[in-house]
Amino acid sequence: MQRPNQVELSEDIWAAHCDRVANICQQVINRQPGKLLTIQKNTSSHTVRAVNYKQDCHPIDVSSLNHILKIDREAKTVLVEGQVLLGDLCRATLSVGLLPAVIPEYSDFTVSGLINGEGIQSSSHRYGLFSDTILSQEVILGDGSAIATDSEQHANLFRLLFNSHGTLGDCYCGNDSFN
Ligand SMILES: Cc1cc2nc3c(=O)[nH]c(=O)nc-3n(C[C@H](O)[C@H](O)[C@H](O)COP(=O)(O)OP(=O)(O)OC[C@H]3O[C@@H](n4cnc5c(N)ncnc54)[C@H](O)[C@@H]3O)c2cc1C
């Protein structure tokens, strides 16, 4: 698995993250041939779209991806797994005097949900959409491979993931900028 550019992580945190991702890649690889995939998580969903089509899909359990991997106070960035709740993210960053530049309304929105479903809040007049604060994303593709994307590597995919509603892959990690 590729490490995200410009983020230094301790070996044990990176290894534990890789284990969680590998488990999810394996779920994707092990699905029945021809089955569509859908995200299964243990927190609330706030999508207002019809979800009946998901009933026949193969669920991929992403609940384990709920860790904050690194808060970089100097760079004002945080590397988080996709299922981290906004409330938990704010609590963790506030403890070092930072907050996400864009904080959508509910504490149980997830980082992945806000990337894939789009997030906005009053500070967006200055910082743009929640997506505009994301510097890199990691994603698991339909073939079970995990790749890192940013404005240089897999740049088209990086941009297309925003507001893609999970149609391009399972977004499992985001590098977010802070205020
Ligand atoms: C009552 C209410 C109030 C709201 N208020 C605001 C607000 O103040 N500001 C704002 O910006 N938005 C608001 N929203 C919209 C909200 O930001 C989006 O619905 C957001 O996507 C919710 O995040 P979630 O974690 O619940 O994602 P979900 O609802 O679980 O998912 C949203 C979309 O992202 C996809 N997705 C989720 N996780 C992943 C993943 N790991 N990989 C790939 N795809 C994934 C899902 O398939 C789905 O299409 C509100 C919605 C509601 C219902």
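FYI, it's all coordinate maths here, none of it is from the lab. No experiment lies behind these values; they were computed from the predicted model shown. Ideal geometry is used to build each Cβ from the backbone, glycine not excepted, and the neighbour counts take in all protein chains shown.
As an exercise, identify the GluC sites (Glu not before Pro) in region 24-130 lying in DSSP coil whose Cβ has no more than 14 other Cβ atoms within 10 Å. Intermediate values should be presented prior to the final figure.
On the way: sites: E74, E81, E105, E118; in loops: E74, E105, E118.
In loop regions of region 24-130 (DSSP not H, G, I, E or B), the sparsely surrounded GluC sites (Glu not before Pro) are E74, E105.
Using the Cα centre of the chain as the reference point, and only Cβ charges (+1 on K/R, -1 on D/E), how large is the resulting charge dipole? Debye, rounded to the nearest 20.
Using only the charged Cβ atoms, the result is roughly 380 debye.
Going highest first, how would you order 8-18, 43-53, 82-92 by mean Cβ packing within 10 Å?
Top to bottom by mean Cβ count within 10 Å: 82-92, 8-18, 43-53.
Towards the positive end of the charge dipole of the chain, with charges on Cβ (+1 Lys, Arg; -1 Asp, Glu), say which of T77, N163, I24 has the farthest Cα.
It is N163.
Give the cross-link partners of K35 among the lysines, using a straight C-alpha distance below 23 Å as the criterion and excluding same-chain residues fewer than 8 apart.
K54
Can you run phi through the Karplus equation (6.51, -1.76, 1.60; θ = phi - 60°) for region 35-46 and list ³J(HN,Hα) in whole Hz, with x for Gly and Pro?
6, 6, 9, 9, 6, 10, 9, 9, 10, 5, 10, 10
State the extension gain, in nm to one decimal, for the chain segment bounded by D56 and E105, taking 0.36 nm per residue of separation less the distance between their alpha-carbons.
Numbers: separation 49, 0.36 × 49 = 17.64 nm, distance 3.14 nm.
Between D56 and E105, full extension yields an extra 14.5 nm.
Around V102, what is the net charge, scoring Lys/Arg as +1 and Asp/Glu as -1 over all other residues with Cβ under 14 Å from its Cβ?
My count for the surroundings of V102 gives -2.
Kindly state, as a whole number, the per residue volume in cubic angstrom of the convex hull around the alpha carbon atoms of the chain.
114
Which lysines does K76 reach when only Cα atoms under 29 Å apart count, and residues fewer than 8 places away in its own chain are ignored?
K76 reaches K41.
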